1. Is it fair to say Q98 is buried (at least 17 other Cβ atoms within 10 Å of the Cβ), within 16 Å of the ligand (Cβ to nearest atom) and within 29 Å of I298 (Cα to Cα)?
2. How many of the residues in segment 93-108 are within 14 Å of K136 (Cα to Cα) and in contact (Cβ under 8 Å) with a residue 24 or more places away in the chain?
3. Taking strands (runs of 3 or more DSSP E) that do not extend beyond segment 275-381, which have at least 3 residues that are under 28 Å from G95 (Cα atoms) and either assigned by TED's automatic domain parsing to the domain that holds F182 or not small (G, A, S) (or both)?
4. Could you tell me how many of the residues in segment 115-133 are outside any loop (DSSP other than H, G, I, E, B) and among the hydrophobic types (A, V, I, L, M, F, W, C)?
5. Being outside any helix (DSSP H, G or I), away from the ligand (no atom under 16 Å from the Cβ) and crowded, with 16+ Cβ neighbours inside 10 Å is true for just one of A137, A146. Which residue is that?
6. Among the listed residues T361, T381, T335, which satisfies the condition of being more than 19 Å from P13 (Cβ to Cβ) and at pLDDT 95 or above?
7. Just the residues that are within 16 Å of the ligand (Cβ to nearest atom), of a type in the set (A, V, I, L, M, F, W, C) and outside any helix (DSSP H, G or I), please, taken from segment 22-74.
8. Looking only at segment 338-359, count how many residues are over 21 Å from G289 (Cβ atoms) and in contact (Cβ under 8 Å) with a residue 60 or more places away in the chain.
Amino acid sequence: MTVRAGREFLAIPGPTTMPDEVLQAMHRPALDIYSDQMVELTASLLADLTKLFATKGKSYIYIANGHGAWEATLSNVLSRGDKLLVLESGRFAIGWGQAAAAMGAEVEVLKGDWRRAVRPAEVEARLRQDKDHSIKAIVAVQIDTASGAYNDIEAIGKALKSTGHPALFMVDTVASLGCVPFEMDAWGVDVAMSGSQKGLMTPPGLGFVAANDRARDVHRHANLRTPYWDWTEREGSEHYRKYAGTAPVHLLFALRKAIDMLHAEGLENAHLRHRLLGEAVRRAVAVWGEGQVLGFNITEASERSDTVTTVTMNGHDPLALQRFCKEKCGVVLGTGIGDLSGQAFRIAHMGHVNAPMILGTLGVIEVGLNALNIPHGKGGTEAAIEYLGESVAA
Ligand SMILES: *Cc1c(COP(=O)(O)O)cnc(C)c1O
């Protein structure tokens, strides 16, 4: 017996739900990749990405996922043996650092933990110790999709600036761009990267990088450069050089539509929507937590992200809950990954999400908690409903 006919709902942090308009935008023949239409499409997307990153720097589009975009950032600014400082707050900055190590960089991890965001004061202290400036770049994620941590990039940027240390500051916005504010130039970020399939509501397969002048100066002397990722190659005037080969025509159609939809909503409205829906999820989880089994992975409330909530489960199997939600109700929750494997599940609330999707997801989780006799505080979904009723202005 199930109640899952119809469309399955992905409440996982990527790939996320794509709007029908985005899917339909791809349902057309390819264009000549040398046509004016393609040249204009690329120019419009690069200009809009630059605005999304909020930089006066340059943007690049890669046919790649987030892992590819990581490699793009590293190969363009690092030289063999350069030291990279990784700011730990879960899984993803660590993964970026592992890529750097495999590419020939020396990697140091500023120890954090899975239950908290990066502490700017700790970054500052480490940089002040580095008197001979052996650290060449610092990498951090804005939102760690595994732990659910939100890092205050503005505060880390300020801490960095106060030290006068010349290291490049590089930030991963894969799980945050288009969902929460990001101000590359104003926050002192030199290189930012993102991907298409999370907040940007587009199929997986596009990676985005933005670099300021300081990063592009460092780039000129970097020796980890390879032809595919190379910014200088991509700045060539012929259109095919923007992609180091054939343009990903249909993904670009999709991205164009997705960014148009974000513009139509208004970026600030999209941010506010994520804040409201993220808080609705947190209200529900807080109530469920009264049963002493479920809880927030991120201990500090102000460090919980507006795009994904990682929920720990003490003494019960999150996989059983996930299986129930998927197989019986058609809602796919994210699994706990890394240190939280088998101990948590994740609720994504990023990208093309609205109140019925989020309230439906919370309701289904509650159905599962009841069906599996997992102790939980009663009325979690009700708390989310009450919160939205109070907060969404009539
Ligand atoms: C998903 C994600 C990545 C990796 O992206 P892929 O497209 O899966 O390679 C990197 N960083 C963050 C913060 C992510 O959420």
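1. No.
2. 7
3. Where strands (runs of 3 or more DSSP E) fall fully within segment 275-381 and carry at least 3 residues being under 28 Å from G95 (Cα atoms) and either assigned by TED's automatic domain parsing to the domain that holds F182 or not small (G, A, S) (or both), they are 308-313, 331-335, 344-348.
4. Total satisfying the criteria: 4.
5. A137
6. T381
7. I61, I63, A64
8. Final tally of qualifying residues: 8.
The values are calculated or read from the model by the stated rules, or taken from the named source; none is laboratory data. The model shown is predicted, which means the values in this text are computed figures rather than measured ones. Counting neighbours? That spans all protein chains shown, and the Cβs are built from the backbone with ideal geometry, glycine included.
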